[in-house]
1. Where does the stretch 1-60 land on the Kirkwood hydrodynamic radius, alpha-carbon pairs, in angstrom?
2. Can you give me the three principal axis dimensions of the chain from its C-alpha atoms, in Å, biggest first?
3. What share of the DSSP beta bridges in the chain is antiparallel, in percent to the nearest 5?
4. Compute the angle between helix 107-120 and the longest alpha-carbon principal axis of the chain, please, reported from 0 to 90 degrees and rounded to the nearest 10.
5. Can you compute the label reach from residue 199? Point 7 Å from Cα along the Cβ direction, backbone N cut-off under 15 Å, restricted to the stretch 153-174.
6. Please compute the net charge surrounding residue 221, taking Lys and Arg as +1 and Asp and Glu as -1 over other residues with Cβ under 10 Å from its Cβ.
7. Of 212, 47, how do they rank once you tally other Cβ atoms within 10 Å and put the fewest first?
8. Can you pull the one-decimal nm distance between simple spin-label points at residue 175 and residue 61, each 7 Å off the Cα toward Cβ?
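Since every read-out is calculated from the coordinates, none of them should be taken as a lab result. Keep in mind it's a predicted model, so treat the numbers as computed, not measured. As a convention, Cβ positions derive from the backbone with ideal geometry for all residues, glycine included, and neighbour counts pool all protein chains shown.
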Amino acid sequence: MLQVADLKAGYGQAPVVRGVSLEVNAGELVCLLGANGAGKSTVLKSIMGTVKPVSGRVRFLGEDITGRPTPEIVGRGIVYVPEGKLVFAPLSVEENLRLGAYLVRDEETVRSRMEQAYELFPRLWERRGQRAGTLSGGEQTMLALARGLMAGPRLLLLDEPSLGLMPKLVGELFETVARLKETGLAVLLVEQRARQALALADRGYVLRTGRIVAAGTREELLSGDTLRQAFLSG
Ligand SMILES: Nc1ncnc2c1ncn2[C@@H]1O[C@H](COP(=O)(O)OP(=O)(O)O)[C@@H](O)[C@H]1O
Ligand SMILES: [Mg+2]
């Protein structure tokens, strides 16, 4: 479904992603692990076209989408949920959800997706009229995720959704991600919580200073020293 080949990207002169190749197949949940600053978010932004790759290729459903405009990439079925619970604080929960479907013209589709979102996150239904800025951290994370789903993605790029959540909520969030996978959605999950993310995932990649240093199944990644090494010094 998604194929990233020898991707290089950065900001100005500084290379941050130094030749990353990875794949996500239909229906798979794949995690991209690595320490703070390894370049995980930059990989996701390069896939979305918000950071223009210096070289390398991104293919989605057989088509080259490298550096295409972000709305086009969203329209093709990839949605990026950035780290840091970005919600529109002054708007209500429901208005936030509507904004997630800004590319969807058909009101019937918007309504049915909204129903699905409320089914998945009953707390959001209870708070649908409440201003997003007044939600708890965990609820804002749910809203950011639900808003992403409103675009009707085929592939979801999730950037450290567990960041700043209490341990109990982290468990709930990961259960929700597992349920999304069961609906057939493909997910590329970026996380620093390597063990918990791998517990959900079909496969994983480990990124260290802009390079993939290991790839494999949970068992393969948890055995040996790779993970510990990757988290030692970025
Ligand atoms: N907008 C930016 N401008 C310049 N440097 C950036 C920018 N965003 C990230 N970086 C740098 O790129 C490196 C990788 O960042 P990032 O991809 O956010 O890592 P991660 O998501 O793995 O924590 C870091 O050294 C960071 O300081
Ligand atoms: Mg990041």
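1. Kirkwood hydrodynamic radius for the stretch 1-60: 11.7 Å.
2. 47, 38, 32
3. Within the chain, antiparallel bridges account for around 55 percent of the total.
4. Here the helix axis deviates by roughly 70 degrees.
5. Within reach of a label on residue 199, which here means backbone N under 15 Å from a point 7 Å along Cα→Cβ, the stretch 153-174 contributes 162, 166-174.
6. +1
7. By the 10 Å Cβ count, ascending, the order reads 212, 47.
8. 3.3 nm
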